[in-house]
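Here is the structure we will look at.
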Amino acid sequence: MTNVRINICVHQLKQEIKNQMNRLFYLIIFLSILKPIAAQHSMGKVFGLDDKGKKEALPGANVYWQETTIGTSTDAEGVFYIANADTLPSHLIISMMGFLSDTVLISKPNEMDLQITLKNSVTLNAVEVAEKQNTTINKLFTPINTEVIGGKELLKAACCNLSESFSTNASVDVAFTDAVSGAKKIQMLGLDGIYTQILSENMPMLRGLSATYGLNYIPGTWIENIMVTKGTGSVVNGYESISGQINLEFLKPQHQKKRFFINVYGNEKGRAEANIHLAKKFNTKLTTLLFTHASTNTLKQDMNKDGFLDMPLTQQYSAFNRWDFHNQKNFEAQFGVKGLYESRQGGQTNFVYSRERDTTNHYGIGINTKVIEAFLKTGFMFPSKPYKSVGIQYSGKWQQQDMFFGLRDYNGEQKNLYANLIYANIIGTTDHKYKLGASYLYDNYNEKFVDTSFTRIESVPGVFAEYTYTHAENFSLVAGLRADYHNNYGLFYTPRLHLRYSPGKKTTLRLSGGRGFRTSNIFVENSSIFASSRIIEMNEELKPEIAWNYGLSANQQFKLFGNDAFINLDFFRTDFENQVIVDLDQSVDKVVFYNLNGQSYSHSLQVDFGCEPLEEFALKLAYKWYDVQATYNYELMAKPYVPQHRVMLNMAYTTYMEKWKFDFTTNWFGKSRIPSTVLNPVEYQLPKYSKEYFLLNAQITKKFRKFETYLGCENILNYTQKNPIIDAANPFGENFDASMVYAPIEGRVVYIGLRMEIK
């Protein structure tokens, strides 16, 4: 009987996939006739010339027609296809960070086999010629709303790890989870980071047991750039994105000019870090890059005198070794392996693990994490058809995470496998591109909380198709569809659509919509609840979280003070079909998990403005408004700890030749709702809303010939949440709660660091 059911399910899956693929095929055929097949394009390849005169293919270079919105970028082999300009002759501009821009005059249509070489920034005696690059770039030529945070933007702050990489970016918010673990979480569009898919070079990365503390596992110096996508993103990368995607591009061995790099950091609170990179080029085909990281915090701090450490004592060691192979013809491969060990110990200042573990003498917390992961990416190209390729991605991960909060123990283990096959080609011309593929995701969870064990296996095969249409002048779209079969929840679909329209040379409009699907891991995703006396209550089987996300945006470029300026506006709405509700309002002595019974939605409005009022002086200003509501115990209420209003101001000034760099950032946070504490004794009750507050950060960088130093200060105003721990004097009592945090726990932090590289 079981075999019959399986056969029926498999047959239904095949039939549904066939039906959906037929519909997508007809859609592609319909869209392909929107523009004649005879549309003309120019094709070429971009090379980079380093300071030794060596020429290599340059991926990711920007290619666009002067004074138009028609543009593209080069692929992994440096190849580009671009629709011809309306009138010829016309100038084609090619640019890339770290290289001098070039302009090519194209006189005839359908120009093929262009060979363009960009020169590196050059130094002649005392004269240096360098191209000025924006540290943050909004991709105007792509239908998907994407912002690229470049390496120089990451250097504007200490950026010790990924959770600290967004301090000068308005699209991603960072918040503390509790008052004892030191963990931080991100938020996008007013929703927690669990609804944002975090990718490592387009492969799923921080998920499962890594959801809460994984942001602290990625050193900022390892990152080349961060691509932030608002909305559901591409179906090629999976089905879990709901509020956005954050794709981390790590430094690549084949692009490294530094044989050795070191960054050391220290602050007045006792935190010290060191990152060392070693690069080796064996020949023109094989290169490798080794990242190493070590950090520690051994100084006990209790600035508010509540008897608890402001930040836990930590030790972290990690390494990442990646290899790149290119045969310069039709094959490339990348392989990497990572390892990490981290320990955190916090709680009361007098807690001693060896003496007081499993006792009520003093309250302590401990979090020990071990991670081993590896990936392999292979790509097959067709030299005569550079638009055609086959890529295969593999990754595997093992993570063990053991935690204790007072007398509560949690032990978790995750084994993960992922594979993704991607075939890319065109229909007639490069106006019509498509990707077809199949993926497989496997997760094996073994968890134990207090005395209860939980075991779960998720096995999800899936197929996907994505079509991209690009009009020669001002319109493009990306339409995608996934069909995945979850071993526990059956067949589900993930449709997504992104549209881009440019009514003028400096104006870009976008519209997007799509669906996301994810399963929750309530223990690791809500581990801050462990730091309280609340009882965990779950009265029903939790279902997958499913949501639809819709968004629109407008970007206008213009001249102000004789320099480039922009204003960007976007609005997104997220509607949940189902959501796992974390209810802290029913009672002060418990947290209740249940499936959504009513409405849950998020409205996000953001306005950004940027300009350069003076030479080498850049200014960014952003305002955000959130309306995030969910049904808690049959009542629609605002989600806790989400400020309705936020403002960010960033000012950056760089002197000639970048000898000095000054950066200043101000963030203002409006009030947010605090879960009800009316049933607590009066002395342990909190107000209904948090206070408004400012966070000010600043950094100065001095560049020398062989190295650079930086000095900075975080939380300049020394603002902290008063009494962040309820009933801190009785951590094993019924009123204790260290999870109700909306503002910084740690006060002003002064830090200093040094970066040095050897080419």
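Taken together, the values in this text are just the output of simple stated rules run on the coordinates, not laboratory data. This one's a predicted model, so the numbers in the text were calculated from it and none came from an experiment. Don't worry about glycine lacking a Cβ; one is built from the backbone with ideal geometry, like all the others, and counts go over all protein chains shown.
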Query raised in the report: Distance in nm between label sites at LYS688 and MET756, each 7 Å beyond Cα in the beta-carbon direction?
Result: 5.9
Report summary line: Amide H contacts under 5 Å for ARG748, restricted to residues at least 5 apart in sequence or on another chain and with H modeled in the peptide plane, are ASN718
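Once a ≥ b ≥ c are taken as the square roots of the eigenvalues of the Cα gyration tensor of region 152-220, is the result rounded (a/c under 1.5), prolate (a/b larger than b/c) or oblate (a/b not larger than b/c)? Spell out each step's value before the answer.
Values: a/c = 1.31, a/b = 1.11, b/c = 1.17.
It is rounded, given that a/c, with a ≥ b ≥ c, falls under 1.5.
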Query raised in the report: Can you pull the three principal axis extents for the Cα set of region 410-508, in Å, largest first?
Result: 63, 29, 20
Report task. Using the Karplus curve 6.51 cos²θ - 1.76 cosθ + 1.60 with θ = phi - 60°, work out ³J(HN,Hα) for each residue of region 554-559 in order, rounded to whole Hz, and write x for Gly and Pro. Result -> 9, 10, 10, 9, 7, 9
Requested in this report: Which order do the peptides 210-223, 230-243 take when ranked by the mean count of other beta-carbon atoms within 10 Å per residue, highest first?
Outcome: 230-243, 210-223
Query raised in the report: How would you rank TRP65, TRP625, going from fewest to most other Cβ atoms within 10 Å of each one's own Cβ?
Result: TRP625, TRP65
**Report entry** For region 520-663: rounded, prolate or oblate by the Cα gyration tensor [a/c cutoff 1.5]
**Finding:** prolate
Query raised in the report: Which cross-chain or sequence-distant (5 or more) residues have an amide H under 5 Å from the amide H of ASN225, H modelled 1.01 Å from N in plane?
Result: GLU249
Query raised in the report: Roughly speaking, what is the stretch gain from LEU290 to ALA374, that is 0.36 nm per residue apart minus the C-alpha to C-alpha distance, in nm to one decimal?
Result: 28.9 nm
Query raised in the report: Just how far, in whole angstrom, is region 640-682 from region 553-589 if you go by their alpha carbon centroids?
Result: 15
Query raised in the report: Put +1 on the Cβ of every Lys and Arg and -1 on every Asp and Glu Cβ in the chain; which of PRO613, LEU481, ILE106 then has its Cα farthest towards the positive end of the dipole?
Result: ILE106
Report summary line: Mean separation of Cα contacts under 8 Å (at least 6 apart) over the residue count of the chain, i.e. the relative contact order in percent, is 10
Report task. Return the long-range amide H neighbours of ILE536 (sequence gap of 5 or more, or a different chain), with a cut-off of under 5 Å between placed amide H atoms. Result -> VAL591
Report summary line: For the ILE457, THR359 Cβ pair and Förster radius 30 Å, calculated FRET efficiency rounded to 0.05 is 0.25
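Shape call for region 607-751 from the C-alpha gyration tensor, a ≥ b ≥ c root eigenvalues: rounded (a/c under 1.5), prolate (a/b greater than b/c) or oblate? Let's see the in-between values first.
On the way: a/c = 4.08, a/b = 1.89, b/c = 2.16.
Taking the square roots of the gyration eigenvalues as a ≥ b ≥ c, region 607-751 is oblate.
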Requested in this report: Just tell me which aspartates and glutamates come within less than 16 Å, Cα to Cα, of LYS305; anything on the same chain fewer than 8 places away is out.
Outcome: ASP727, GLU746
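Using the per-residue mean of other Cβ atoms lying within 10 Å as a proxy for protection, in what order, highest first, do the peptides 652-659, 202-209, 293-300, 604-611 fall?
Values: 652-659: 14.0, 202-209: 22.1, 293-300: 16.8, 604-611: 18.9.
Per-residue Cβ counts within 10 Å, averaged per peptide and sorted highest first, yield 202-209, 604-611, 293-300, 652-659.
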Report summary line: Rounded to the nearest 10, the angle in degrees between the Cα long axis of helix 2-32 and the longest principal axis of the Cα atoms of the chain comes to 40
Report task. Report the label-to-label distance for GLN556 and LYS415 in nanometres (one decimal), using points 7 Å from each Cα along the Cα→Cβ vector. Result -> 5.8
Report task. Please give the length that would be gained between ASN723 and LYS388 if that part of the chain were fully extended, namely 0.36 nm times their separation in residues minus their C-alpha to C-alpha distance (nm, one decimal). Result -> 114.6 nm
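Taking the Cα centre of region 294-393 as the origin, how large is its charge dipole in debye, to the nearest 20, when only Lys and Arg (+1) and Asp and Glu (-1) carry charge on their Cβ atoms?
Working: 12 positive and 9 negative charges, 109 e Å.
Taking the Cα centre of region 294-393 as origin, the dipole is about 520 debye.
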Requested in this report: With only Lys, Arg, Asp and Glu charged, each at its Cβ (+1 for the first two, -1 for the last two), find how big the charge dipole of the chain is about the Cα centre; round to the nearest 20 debye.
Outcome: 2040
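Could you pull out the GluC sites (Glu not before Pro) across region 267-340 that fall in loop regions by DSSP (anything but H, G, I, E, B) with no more than 13 other Cβ atoms inside 10 Å?
On the way: sites: GLU268, GLU273, GLU332; in loops: GLU268.
The qualifying sites are GLU268.
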Report task. Note the listed values (i) 1.85; (ii) 1.48; (iii) 0.96, then indicate which one is Cα Rg over 2.2 N^0.38 Å calculated from this particular structure. Result -> (iii)
